[in-house]
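Take a look at the structure below.
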Amino acid sequence: MNPETAVVYYDDKKELPRLRGLYPQGDLRYVKDSPDATRLAADAPGTVVFALANEKLQAVTALCRSLRGVSVYVIPGGLGFAAAPLAVDVFKPRLDYVETEITRVCNLNCRGCCDYSNLAQDDEIYYDLDRFTADLTRMKTLFWGIAKIRIMGGEPLLNPRVAEYVETARRIFPDCDLRVVTNGLLLPSVSTDTLRRIGAAGCSFDISNYPPTAKKKKEILAALHSAGVSCNFSVPMRYFFRNLRVTPAGSPAPAFNNCIFTHCHMLGNGRLAPCSFAFCTYRFNRRFGAAYPEDDLFDIYDPALDGWRVIEAFSAPHPFCRYCGSGIIPIRWKGHCPSPQARESDWQIKDTFINTVIAPQLQSAVKKTAVALRAQNQKKN
Ligand code: SF4
Ligand code: SF4
């Protein structure tokens, strides 16, 4: 990179002094949103740096795919971590989001867990760390970056090597917004050293605020504050939802178009699924002898696979969407419902008028607001 000739686009005026220090001779240009394709083409060949909000980098670097003779770097805004510019391979895309379960079991065993953790079997307790490392390394050959990685469970703090998973993800994807998603109940008993390592890797905690979590909130915050790690408590979670159709719809489009989870791509054991439902419903099949599809996912080691194809597939209705309702049906949250006590009706919805007509209309009306609120809530640290 030649810092003297760099064109630097930035969207946060507070960052200007830092950018001036990095690029004293550079051409620093403030943009309210993102630079358009015409301006980028005019800057090539040369060096372009995007010091923009993390969530803008997927679209803006994809525009550079057609440019020739240009070196592209990013400084993802809002992470407070990746201070140094990161080189971008513009022949690969950036993925918006990945979640991954480092343990499939959970200490809370919620009724109707959306990842079916309360149905997980003994043969699948942990995502092997070597396998996790290999899978993320392979993901790096498909995508130059991932905007957000959420390390989850089950309950991820049941995995005693949680800090190593976090450090591995940070090393391979220095550009990502990295979170551990937890019900928080074990946080007061996690060692300060482990919490410090997680914080030092630029990772924070997303805490799902279930009723037992709310009761321990003070203890949880004290543990995190003493280790200097930030966290984000979700809104109180008093309802779950049922989403699994008993009979599939004729087309996947209505459910996909109404869905608020299309971004929830899930990685595990060499497979990448468009969402956690497509990934995890095999647990429901095993427990209840059902036959929902288990093949709506990519083998990331398929030599013919490329990241652009994955993104294209994830942006459109896919086969498993036929098995999802177009409107989610609430069910009151209840903890401690392990596999023997679980029922198919904890997840499944029948083809009633309310489920197939009223609920989809309601969801359609509130979808935009729900997506905006979730994005706002998850941005907070
Ligand atoms: S806390 Fe509940 S919803 Fe979250 S993983 Fe555990 S069982 Fe599932
Ligand atoms: S299968 Fe389709 S409709 Fe169902 S949750 Fe995933 S993306 Fe949404």
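FYI, it's all coordinate maths here, none of it is from the lab. The structure displayed is predicted, hence computed values, not measured ones. Glycine gets a Cβ as well: all are built from the backbone with ideal geometry, and neighbour counts include every protein chain shown.
Could you give the angle, 0 to 90 degrees to the nearest 10, between helix 359-379's Cα long axis and the longest principal axis of the Cα atoms of the chain?
The angle comes out at about 50 degrees.
Helix 217-227: angle to the longest alpha-carbon principal axis of the chain, degrees 0 to 90, nearest 10?
30 degrees
Read phi for every residue in region 339-352 and hand back ³J(HN,Hα) as whole Hz from Karplus 6.51 cos²θ - 1.76 cosθ + 1.60, θ = phi - 60°, with x for Gly and Pro.
Whole-Hz 3J(HN,Hα) from phi for region 339-352: 3, x, 8, 6, 10, 4, 5, 5, 10, 8, 10, 8, 7, 8.
In percent, how large is the relative contact order of region 3-87, given Cα pairs closer than 8 Å and 6 or more residues apart?
RCO, region 3-87: 29 percent.
Using Cα springs under 10 Å in a Gaussian network model of the chain, which residue among Tyr323, Tyr23, Tyr116 shows the largest mean-square fluctuation?
Between Tyr323, Tyr23, Tyr116, it is Tyr23 that shows the largest mean-square fluctuation.
Helix-only estimate, please: 222 nm mean residue ellipticity of the chain, summing -39500 (n - 2.57) across DSSP H runs of length 4 or more and dividing by its residues, to the nearest 500.
Numbers: 13 runs with 118 residues, N = 381.
It lands at -9000 deg cm²/dmol.
Under 5 Å between amide hydrogens, which residues at least 5 positions from Gly46 or on another chain qualify, with H placed 1.01 Å from N in the peptide plane?
Val70, Ser71
Angle between the Cα long axis of helix 129-142 and the longest principal axis of the chain, 0 to 90 degrees, nearest 10?
Roughly 50 degrees between the two axes.
Would you mind checking which residues have amide H under 5 Å from Met266's amide H? H placed 1.01 Å from N; only 5 or more apart, or other chain.
Correct list: Glu99, Ala273, Cys275.
Compute the relative contact order of the chain as a whole-number percentage, counting only Cα pairs closer than 8 Å that sit 6 or more residues apart in sequence.
Details: 730 pairs, mean separation 58.3, N = 381.
With pairs under 8 Å counted, the relative contact order is 15 percent.
By average Cβ neighbour count within 10 Å, what is the ranking of 58-67, 213-222, 161-170 from highest down?
Values: 58-67: 17.6, 213-222: 14.9, 161-170: 21.0.
Taking the mean over residues of other Cβ atoms within 10 Å, the ranking is 161-170, 58-67, 213-222.
Largest first and in whole Å, give the semi-axes of the chain's equivalent ellipsoid, each being the square root of 5 times a Cα gyration tensor eigenvalue.
36, 25, 19
If packing is taken as the average number of other Cβ atoms within 10 Å across a peptide's residues, how do 265-272, 179-186 rank, most packed first? Spell out each step's value before the answer.
Details: 265-272: 20.5, 179-186: 23.2.
Order by mean packing, descending: 179-186, 265-272.
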